[in-house]
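The values are calculated or read from the model by the stated rules, or taken from the named source; none is laboratory data. Predicted, not measured: the structure shown is a model, and the values here were computed from it. All Cβ positions, even for glycine, are placed from backbone atoms using ideal geometry, and neighbour counts span all protein chains on display.
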Amino acid sequence: MKRRRFLFLLAASGIVSPPWEQHDASVAQAASGLASVTLAKRALGADVSITACHAQRSRAEAAIVAAFDELETIEQAMSLYRPDSQLSRLNRDGRIDNPHPYLVEALSFAQDLSRITRGAFDLTVQPLWELRHRAKREQRRLTESELADARAKVGWERISVSAKRVAFGSSGMAATFNGIAQGLAADKAAAALRRSGIEHALIDAGELHPLGRNVAGKGSGDGWTAGIQHPRVEDAYVALARLAGGRCLATSGDYATTFSDDFLHHHIFDPRTGQSPTELASVSVVAPTAMAADALSTACMVLGVEQGAALLRQFERVDALWVRKDGRILKTEGFPLER
């Protein structure tokens, strides 16, 4: 759905207007009597929207401001596109001292998942992305020696992580948080909303983190409904998921960034081969945190249906919906499809 453009003016509520000018925002009075405030702006390299519900509109607005402040903190730590971010400095210098706690948190989770998946999930695949991106820009095919050289720079086990320092174990390595940062951002934004007294909200930072119930509409439902993007049809859904009980949703797909028109080469890589996985078009995962859903959806894209299902059985309250490249849809028994 395309959002209308609004000008969000907080000054009228006695709040200092934040440093953005025009963005997607709306205010509605829900049937529950709560004010529902939605703000969308650019963050983390994508459009991020936050809906918060509260009896006091000004309280909801202030909470959203605090949530977007958390996104800014994460971007400054993990952005590939800010030259002064901690990640950019790590990739440039091979080490960073006094890393932000959020960076350490994401890396520690990623390292654990890399260990469990035996390297199917690996944040150090950035050299493979850079190679594919360069080859596409130059309109040429990769050579085997180029691919072998990039693969040699990939290896999660060669990152040392502590509260005092993060460092690569060999030269030429580089990391990307694109498979985990959006989920972490949604979780931190949700925590900021809770600290502000918000009980009912939905954060869409590329991955979804719901709070409470969907009281923003005509009724007072017991969950939020999310559409799962069709991997081959723009502005279409393959299914609707009912997000209740605090479970978050993330989707990884071969369509987000492609390096070939046939979707065989895309932004998700199998770190063990250097190639994109070939079985699936997308994977959607629900989990207790958006960070877990984000990382597990990426891992499941690499592992495929059978190995991915085995991975998910190691976690509580985690389910998945797979879309194969031939269009077939499979899901675990507990995936919360909207009926």
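Taking (1) in contact with a helix residue (DSSP H, G or I) (Cβ under 8 Å, 6 or more places away or on another chain); (2) crowded, with 20+ Cβ neighbours inside 10 Å; (3) under 26 Å from LEU131 (Cβ atoms) in turn, SER276 satisfies each apart from (1). What do you reckon, is GLY223 out of contact with any Leu (no Cβ under 6 Å at 6 or more places or on another chain) and surrounded by fewer than 21 Cβ atoms within 10 Å (Cβ to Cβ)? No; evaluated as a whole, the condition is false for this residue. Filtering the stretch 117-126 down to residues that are part of a helix (DSSP H, G or I) and of a type in the set (A, V, I, L, M), which residue is farthest from SER171 (Cα to Cα)? Looking at the filtered set, the residue picked out is LEU123. Could you please find all residues in the stretch 81-94 being hydroxyl-bearing (Ser, Thr, Tyr) and part of a helix (DSSP H, G or I)? Within the stretch 81-94, just SER88 meets the criteria. Yes or no: ILE50 outside any strand (DSSP E or B) and either within 20 Å of GLY212 (Cβ to Cβ) or among the aliphatic types (A, V, I, L, M) (or both)? Judged against the criteria, ILE50 is not a match. Going through the stretch 309-329 one residue at a time, which ones are outside any helix (DSSP H, G or I) and of a type outside the set (D, E, K, R)? Result: GLN314, PHE315, VAL318, ALA320, LEU321, TRP322, VAL323, GLY327, ILE329. Considering each residue of the stretch 95-116, count those that are surrounded by fewer than 22 Cβ atoms within 10 Å (Cβ to Cβ) and part of a loop (DSSP other than H, G, I, E, B), and give that number. Summing the residues that are surrounded by fewer than 22 Cβ atoms within 10 Å (Cβ to Cβ) and part of a loop (DSSP other than H, G, I, E, B) in the stretch 95-116 gives 2. From the list ARG132, ARG151, ARG141, the one residue that fits, being in a loop (DSSP other than H, G, I, E, B) and either at pLDDT below 95 or crowded, with 17+ Cβ neighbours inside 10 Å (or both), is ARG141. Contact map, the stretch 312-339: first residue more than 15 Å from CYS248 (Cα to Cα) and in contact (Cβ under 8 Å) with a residue 40 or more places away in the chain, second residue surrounded by fewer than 16 Cβ atoms within 10 Å (Cβ to Cβ) and hydroxyl-bearing (Ser, Thr, Tyr), Cβ cut-off under 9 Å, separation 6 or more or different chains; pairs are LYS325/THR278.
Among the criteria (1) β-branched (Val, Ile, Thr); (2) farther than 19 Å from ALA35 by Cβ; (3) in a strand (DSSP E or B); (4) at pLDDT 95 or above, the one THR225 does not fulfil is (4). Screening the stretch 235-267 for residues that are touching a residue at least 60 places away in the same chain (Cβ under 8 Å) and touching a helix residue (DSSP H, G or I) at 6+ places or on another chain (Cβ under 7 Å) and picking the one that is farthest from GLU333 (Cα to Cα) gives PHE259.
Go through the stretch 69-82 and give me each residue that's surrounded by 18 or more Cβ atoms within 10 Å (Cβ to Cβ) and within 27 Å of VAL215 (Cβ to Cβ). Residues satisfying the conditions are GLU70, LEU71. When SER58 is tested against the conditions (1) part of a helix (DSSP H, G or I); (2) under 19 Å from the mean Cα position of the chain (by Cα); (3) surrounded by fewer than 19 Cβ atoms within 10 Å (Cβ to Cβ), the lone failure is (2).
Within the stretch 268-286, which residues are assigned to a loop (DSSP other than H, G, I, E, B), touching an Asp or Glu at 6+ places or on another chain (Cβ under 6 Å) and touching a residue at least 40 places away in the same chain (Cβ under 8 Å)? PRO271 - this is the single residue of the stretch 268-286 that is assigned to a loop (DSSP other than H, G, I, E, B), touching an Asp or Glu at 6+ places or on another chain (Cβ under 6 Å) and touching a residue at least 40 places away in the same chain (Cβ under 8 Å).
Answer yes or no: is there a residue in the stretch 184-206 that is hydroxyl-bearing (Ser, Thr, Tyr), in the same structural domain as GLU279 (by TED's automatic domain parsing) and out of contact with any Gly (no Cβ under 7 Å at 6 or more places or on another chain). No, because not a single residue in the stretch 184-206 is hydroxyl-bearing (Ser, Thr, Tyr), in the same structural domain as GLU279 (by TED's automatic domain parsing) and out of contact with any Gly (no Cβ under 7 Å at 6 or more places or on another chain).
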